[in-house]
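Written out below as structure tokens is the structure these notes cover.
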Amino acid sequence: MTDRLTLALTKGRILKETLPLLARAGIEPLEDVHSSRKLVFPTTRDDLQLIIIRGSDVPTYVRHGVAQLGVVGKDILLEHGAEGLYEPLDLGIARCRLMTAGPTGWRGGKARVRVATKFVNIARRHFAARGVHAELIKLYGAMELAPMMDLADLIVDIVDTGNTLRANGMEPLEEIAAISSRLVVNKAAMRSSHRRIQPLVDQLASLVEGG
């Protein structure tokens, strides 16, 4: 059908934790998304298809209405903004923390610090609110290497178990935000397709609340 809804899902851990929730709502892809090279998947619901993309792209697809709904980490929404999106539901999955971290034994007090992160907007707001001048160095991975190689004093990154930090002589310092995956909806689509979207939101909310 040409007027089917499109739900954008985030690759990786979020996808693995979202699919069982969707299955409980009677929504399952008709192919194995983990082994297929496809990006668009029909589902057991004729009126809904899935697209599987990078998390940082999910808000863009939903904002432009290419996908009416999406599942994305709160960290992405905090970093890139949620303009044009409703965020009706915390799915409570893929939980982690966005934190500052530094070498074990780090003592603050500097008025100026070098901070490596891919979350430059979040980091800028965080340090500015504390009156600390942060020189932000954008990296896309292996944040722990930056203090080890004296590229940065601190990092801002997602922390799950903290094992990677400890293995590299670092420790978490301050929590900036608790992160989990959120359902987002295009604002215009919510108005124009409310009778189709709201029941799905309500169904997922009921499943989340019921555990």
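Nothing in this text is a laboratory measurement; each read-out follows from the coordinates by a stated rule. Note that the structure is predicted; figures quoted are calculated from it, not measured.
Miscellaneous remarks
- 3J(HN,Hα) along the stretch 120-137, derived from phi through the Karplus expression 6.51 cos²θ - 1.76 cosθ + 1.60 where θ = phi - 60°, amounts to 5, 5, 4, 4, 4, 5, 4, 6, 4, 5, 9, x, 9, 7, 10, 8, 8, 10 Hz, with x in place of Gly and Pro.
- For Glu171, distant residues with modelled amide H under 5 Å away: Gly102, Thr104
- Projected over all directions and averaged, the alpha-carbon convex hull of the stretch 20-62 occupies 3.4 nm².
- In order through the stretch 175-185: 3J(HN,Hα) via Karplus (6.51 cos²θ - 1.76 cosθ + 1.60), integer Hz, x for Gly, Pro: 7, 8, 7, 7, 10, 8, 8, 10, 8, 10, 9
- The stretch 83-119 versus the stretch 123-181: alpha-carbon centroid distance in Å: 7 Å
- Residues with amide H under 5 Å from that of Ile137, placed H, sequence gap 5 or more: Val115, Ala116, Thr117
- Long-range tail of P(r) for the stretch 96-176 (Cα pairs > 19 Å, %): 25 percent
- Amide H partners (placed H, <5 Å) of Val159, local residues excluded: Arg97, Leu98, Met99
- Reachable lysines from Lys138, criterion Cα separation under 29 angstrom, eight or more residues apart if same chain: Lys11, Lys16, Lys74, Lys110, Lys118
- Across the stretch 42-55, rounded Karplus estimates of 3J(HN,Hα) from the backbone phi angles (6.51 cos²θ - 1.76 cosθ + 1.60, θ = phi - 60°) give x, 10, 5, 9, 4, 9, 9, 10, 10, 10, 10, 9, 5, x Hz, Gly and Pro being marked x.
- More than 13 Å apart - percent of Cα-Cα pairs taken over the stretch 123-169: 60 percent
- Fraction of the pair-distance distribution of the chain above 27 Å, Cα-Cα pairs, percent: 38 percent
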